[in-house]
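Accompanying notes for the structure given below.
Nothing in this text is a laboratory measurement; each read-out follows from the coordinates by a stated rule. This structure is a prediction, so every number in the text was calculated from the model and none was measured. In this analysis, Cβ positions are derived from the backbone assuming ideal geometry, glycine residues included, and neighbour counts consider all displayed protein chains.
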Amino acid sequence: LHCDYPEAWGGENKGPNPCEYLMVGLIGCEQMTVTEVAKEMGWDVTKAEFKAVMTLDMEKAATKPCQQPVKTLTLTATVHGDITQEQVTELGELVHSRCTVAAIFRHLPGCECVHVWTKAE
């Protein structure tokens, strides 16, 4: 595992920073949970594409000891398959409630979590 920070943060920008690895963990957990929930519900989901964006309060991140710096987390999911938008919305709610990594962010004080789930066209 190789981590680095951007040059602006004192690193050499030679790899993902730890916060980017958090986003990878979140997306991986959501993808696995989509598969599980879709199977349980009998829905034909062929693929789910995700994008995660986290906004940090860098002043809080720079304090010693570090304060909780996550201001917002926005997760966008595009779901492919023979499924309606209504089912996609329900899928998103179920996945959001079951994903253990999402739960970490949901319970962070001061962190606004936004999940947007849409059916692929």
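What to note about this one:
- Each of the peptides 32-41, 52-61 was scored by the mean count of other Cβ atoms within 10 Å over its residues; in descending order, highest first, they stand as 32-41, 52-61.
- Stretching Lys14 away from Thr100 to a fully extended chain increases their span by 28.1 nm, per 0.36 nm per residue minus the current alpha-carbon distance.
- Under 18 Å from the Cα of Lys39 - aspartates and glutamates, other chains or at least 8 residues apart: Glu30, Glu49, Asp82, Glu86, Glu90, Glu93
- Note on Thr78/His107: beta-carbon distance plugged into 1/(1 + (r/R0)^6) with R0 of 22 Å gives a FRET efficiency of 0.25.
- Helix-only mean residue ellipticity at 222 nm for the chain, each DSSP H run of n ≥ 4 adding -39500 (n - 2.57), per residue, nearest 500: -13000 deg cm²/dmol
- Over all pairs of different C-alpha atoms, the range 31-100 has a mean inverse distance whose reciprocal, the Kirkwood radius, equals 13.8 Å.
- Estimated dipole of the range 7-119 in Debye, rounded to 20 [Cβ of Lys and Arg +1, of Asp and Glu -1, Cα centre]: 300 debye
- The range 65-121: C-alpha gyration tensor shape, a/c 1.5 cut-off, then a/b vs b/c: prolate
- Computed over every Cα-Cα pair of the chain and binned at 5 Å starting from 0, the pair-distance distribution P(r) comes out as 2, 11, 19, 20, 16, 13, 9, 6, 4, 1, 0 percent.
- DSSP beta bridges in the chain [antiparallel fraction, %, rounded to 5]: 60 percent
- What the pair-distance distribution of the range 50-90 shows, using all Cα-Cα distances binned every 5 Å from zero, is 6, 19, 17, 13, 11, 10, 8, 8, 6, 2, 0 percent.
- Computed over the chain: relative contact order in percent, which uses C-alpha pairs under 8 Å that are six or more apart: 24 percent
- Cross-link reach list, aspartates and glutamates versus Lys14, counting only Cα pairs under 14 Å and skipping chain neighbours closer than eight places: Asp4
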